[in-house]
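Structure record follows, encoded as structure tokens.
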Amino acid sequence: QGENLRIVNEKLESTKASIAQFKTIGVMEKELIYSALPDDADLPNLFVLIDSLAYSGGLVTKDIKIDLGDANEAKITVSAAGSYGSLKAFVLGAQRSLRIFDIESISISPEEIKEGGSGSFKFEVVMKTYFE
């Protein structure tokens, strides 16, 4: 029983130290943490963020679907059109975003082939993000 008491006391001290450390984190740092992992799905801002990432990368969004799943995650399906470079810019933008994204799959198909071989592509990007 003495060993169990020692273990409980160690865990209690560790928890107290963690709480004290969290209290020293400034307001700005807390805001960054909540931006990466918000308290809720925050669907309006998530939709705007995805659309903004696509637009700034040069993609033309056709559809954005957000499905809330179990375990505090949202599955996002983005259907868009553009060049391969615009898809790359979108993925890099999602990677640099404060919000955490995991890309699950990317589907690519030709949309229109122009003279000279260059053309536009249709993309479907499936990704996940998380919330508390």
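Given the criteria touching a residue at least 40 places away in the same chain (Cβ under 8 Å), out of contact with any Gly (no Cβ under 7 Å at 6 or more places or on another chain) and farther than 24 Å from residue 131 by Cβ, does residue 94 qualify? For residue 94, the condition - touching a residue at least 40 places away in the same chain (Cβ under 8 Å), out of contact with any Gly (no Cβ under 7 Å at 6 or more places or on another chain) and farther than 24 Å from residue 131 by Cβ - is not met.
Scanning segment 70-80 for residues that are of a type outside the set (S, T, N, Q) and in a strand (DSSP E or B) returns 73, 74, 75, 76, 78, 80. Among the candidates 52, 56, the residue that is without any contact (Cβ under 8 Å) to a residue 12 or more places away in the chain and surrounded by 12 or more Cβ atoms within 10 Å (Cβ to Cβ) is uniquely 52.
Residue by residue, here is whether (1) over 21 Å from residue 90 (Cβ atoms); (2) under 19 Å from the mean Cα position of the chain (by Cα); (3) in a helix (DSSP H, G or I) holds:
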residue	(1), (2), (3)
4	yes, no, yes
12	yes, no, yes
33	yes, yes, yes
39	yes, yes, no
49	no, yes, yes
54	no, yes, yes
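Look at segment 81-102 and say how many of its residues are more than 15 Å from residue 49 (Cα to Cα) and either aliphatic (A, V, I, L, M) or in a loop (DSSP other than H, G, I, E, B) (or both). Residues flagged as more than 15 Å from residue 49 (Cα to Cα) and either aliphatic (A, V, I, L, M) or in a loop (DSSP other than H, G, I, E, B) (or both) within segment 81-102 amount to 3. Considering (1) open to solvent by 70 Å² or more (accessible area, probe 1.4 Å); (2) modelled with pLDDT under 90, the lone condition that residue 96 does not fulfil carries the number (2).
Would a scan of segment 101-109 turn up a residue that is at pLDDT 90 or above, among the small types (Gly, Ala, Ser) and crowded, with 16+ Cβ neighbours inside 10 Å? Looking for residues that are at pLDDT 90 or above, among the small types (Gly, Ala, Ser) and crowded, with 16+ Cβ neighbours inside 10 Å, one finds none in segment 101-109, hence no.
The values are calculated or read from the model by the stated rules, or taken from the named source; none is laboratory data. The model shown is predicted, which means the values in this text are computed figures rather than measured ones. All Cβ positions, even for glycine, are placed from backbone atoms using ideal geometry, and neighbour counts span all protein chains on display. When the accessible area is computed, the model is the full protein with side chains, heavy atoms only, and any ligands, DNA or RNA have been set aside. Shrake-Rupley method; radii C 1.70, N 1.55, O 1.52, S 1.80 Å.
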